[in-house]
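Enquirer: Structure below; questions to follow.
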Amino acid sequence: MADRLMRRLAELATLSDMPGGLTRLFLSPAHKRAVALVEGWMREAGLETHVDAIGSLVGRRGNGKTLLLGSHIDTVRDAGWYDGNFGVLAAIEAVQAAGDLPYGVEVIAFGDEEGVRFPQTLSGARAVAGTFEPAALAGRDADGIAMGEALAAFGGDPAGIASLARQPDEVLGYIELHIEQGPVLEAENLAVGVVTAINGASRFAVVVTGDAGHAGTVPMAMRRDALAAASEMVLAVEAVGRSMPDLVATVGAIAVHPGAPNSVPGLVKFTIDVRAPVDAARHEAVLAITNAFDRIAGSRKVDLSMTQTHDAPAVACSGRLRDRLAGAVKANGIVPRFLPSGAGHDAMAVADLCPVAMLFVRCKGGVSHTPAESITPEDAQTAVDVLVEFLRKFARNDD
């Protein structure tokens, strides 16, 4: 099974919009080819398939209330082979191996988790959850093509998206397998881990304004050096990020003006990204960063502007589903390791519909979103075995 799964992942990775690497964007020609390829594998596994109004591929088996499985098959630019793709193909393998189940099961290959092409993300998952905003169809890509136009050309139905919303009383839950995209499991020599929550995230754009001047003529005591002040602020972000368990805080981009070797910097722009699995901790961290910035700006006599650009609440995984996943991990001879997800996933949007849970798979070096992404066949097999155990026990113990 693992050999077939790894071969399929390699074959799927050949479907790219760009030569020389893997770039597969939502509603692109490569996405359409990927849907056709994965649909064939779903049918081989005994699933009845269709492509829904927003371009997600759905494979179904059985009747009655439905357990949803899946992930996404779109990628970032110059991507690795496993982010998203693994969760879809592993779910197909697990459903095939589990055999007949006394409930319905669907494997969904969402098409827009990464949000690379249009100014929207999680479109397929939002449609299933009933939270898709029709205004997103007007969003345009870098070539000026609106999402609604691209969807119609893909063979989708913009007017039919609202009808994709599932009813909570018809859905048992959602399970997503995904590579960890971090180093924790590898550091602890564990093949898989059980996700407790998907981190909430706050992002800010910061502008620090001082006085530009000649590097040779402005005395040190008379300077309002925007970069020196921003440097203190960057270190303050790092200090806050280290102050609480499971909290991370990052300055990911910075621009300095005028940016000349013989000029005192008069303007600095940078970004902040703060994430935590508990929103109260994230909000506390943002307050601590804001207070530190105000102190630094006052001390260095610079002006400060801090604008929030993104806010997403944390999503807690279902305790019931999480514990059942942990039981399946234990049944496969592995001590369950619980950990939060620092990255976003389709499960974040599906959580508006039903309980969700996630299983992480170890990835080499914790590297993701690059061609260096790597997992082993042995870990892939372990993840499938855990999901098969979960599906069979869920059939016996569903309440």
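Enquirer: Could you identify the single residue in Arg242, Arg223 that is over 30 Å from Ala326 (Cβ atoms), of a type in the set (D, E, K, R) and out of contact with any Ser or Thr (no Cβ under 9 Å at 6 or more places or on another chain)?
Expert: Going through Arg242, Arg223 in turn, the sole match is Arg223.
Enquirer: Taking the range 108-124, which residues are at positive phi and among the hydrophobic types (A, V, I, L, M, F, W, C)?
Expert: Within the range 108-124, Leu122 is the sole residue that qualifies.
Enquirer: Exactly one condition in (1) at pLDDT 95 or above; (2) more than 18 Å from the chain's Cα centre (by Cα); (3) not in a helix (DSSP H, G or I) is false for Gly20; which is it?
Expert: Condition (1) is where Gly20 drops out.
Enquirer: Quick one: which strands (runs of 3 or more DSSP E) lie wholly within the range 289-373 and hold at least 1 residues that are polar (S, T, N, Q) and in contact (Cβ under 8 Å) with a residue 60 or more places away in the chain?
Expert: Fully inside the range 289-373 and qualifying: 303-312, 338-341.
Residue-by-condition table, conditions (1) touching a Lys or Arg at 6+ places or on another chain (Cβ under 9 Å); (2) crowded, with 17+ Cβ neighbours inside 10 Å; (3) closer than 22 Å to Gly344 by Cβ:
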residue: Leu122; (1), (2), (3): no, yes, yes
residue: Asp141; (1), (2), (3): yes, yes, yes
residue: Gly144; (1), (2), (3): no, no, no
residue: Met147; (1), (2), (3): yes, yes, yes
residue: Ala165; (1), (2), (3): no, no, yes
residue: Asp169; (1), (2), (3): yes, no, no
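Enquirer: Moving on. Collect the residues in the range 3-17 that are outside any loop (DSSP other than H, G, I, E, B) and hydroxyl-bearing (Ser, Thr, Tyr), keeping them in residue-number order.
Expert: Listed by number, the list is empty, since nothing qualifies.
Enquirer: Look at the range 29-84 and say how many of its residues are in contact (Cβ under 8 Å) with a residue 60 or more places away in the chain, more than 23 Å from Gly160 (Cα to Cα) and of a type in the set (Ser, Thr, Tyr).
Expert: 1
Enquirer: Can I ask one more? Within the range 278-324, how many residues are surrounded by 19 or more Cβ atoms within 10 Å (Cβ to Cβ), basic (Lys, Arg) and not assigned by TED's automatic domain parsing to the domain that holds Ala239?
Expert: 2
Enquirer: Could you please let me know if Ala162 is in contact with a helix residue (DSSP H, G or I) (Cβ under 8 Å, 6 or more places away or on another chain), outside any loop (DSSP other than H, G, I, E, B) and of a type in the set (Gly, Ala, Ser)?
Expert: Taking the combined requirement at face value, the residue satisfies it.
Enquirer: Does Ala159 fit the bill of being closer than 19 Å to Arg362 by Cβ, exposed (fewer than 15 other Cβ atoms within 10 Å of the Cβ) and in the same structural domain as Ala91 (by TED's automatic domain parsing)?
Expert: Against the criterion (closer than 19 Å to Arg362 by Cβ, exposed (fewer than 15 other Cβ atoms within 10 Å of the Cβ) and in the same structural domain as Ala91 (by TED's automatic domain parsing)), Ala159 does not qualify.
Enquirer: Still on this structure, I have one more. Output the residues belonging to the range 30-51 that are within 24 Å of the chain's Cα centre (by Cα) and surrounded by 14 or more Cβ atoms within 10 Å (Cβ to Cβ).
Expert: The answer is Ala30, His31, Lys32, Arg33, Ala34, Val35, Leu37, Val38, Glu39, Met42, Val51.
Enquirer: Take the residues in the range 252-277 that are under 29 Å from the mean Cα position of the chain (by Cα), surrounded by 19 or more Cβ atoms within 10 Å (Cβ to Cβ) and among the β-branched types (Val, Ile, Thr); name whichever of them is farthest from Leu227 (Cα to Cα).
Expert: Restricting to residues being under 29 Å from the mean Cα position of the chain (by Cα), surrounded by 19 or more Cβ atoms within 10 Å (Cβ to Cβ) and among the β-branched types (Val, Ile, Thr), the top hit is Val274.
Enquirer: Report, by residue number, each residue of the range 235-251 that is assigned to a helix (DSSP H, G or I) and surrounded by fewer than 18 Cβ atoms within 10 Å (Cβ to Cβ).
Expert: Matches in the range 235-251: Leu235, Glu238, Ala239.
Enquirer: Tell me whether the range 219-226 contains one or more residues that are in a helix (DSSP H, G or I) and touching a residue at least 60 places away in the same chain (Cβ under 8 Å).
Expert: yes
Enquirer: For Leu69, only one of the following conditions fails: (1) under 19 Å from His178 (Cβ atoms); (2) part of a helix (DSSP H, G or I). What is its number?
Expert: With (1) under 19 Å from His178 (Cβ atoms); (2) part of a helix (DSSP H, G or I) applied to Leu69, the lone miss is (2).
Enquirer: I'm told Gly70 meets every condition in (1) modelled with pLDDT of 95 or more; (2) over 21 Å from His345 (Cβ atoms) except one. Can you identify the failing condition by its number?
Expert: (2)
Enquirer: Restricting attention to the range 357-399, report how many residues are closer than 17 Å to Glu186 by Cβ, surrounded by fewer than 16 Cβ atoms within 10 Å (Cβ to Cβ) and in contact with a Leu (Cβ under 8 Å, 6 or more places away or on another chain).
Expert: Adding up the residues that qualify gives 1.
The values are calculated or read from the model by the stated rules, or taken from the named source; none is laboratory data. Keep in mind that this is a model prediction, so the values were computed, not measured. Every residue, glycine among them, receives a Cβ derived from its backbone with ideal geometry; neighbour counts consider all protein chains shown.
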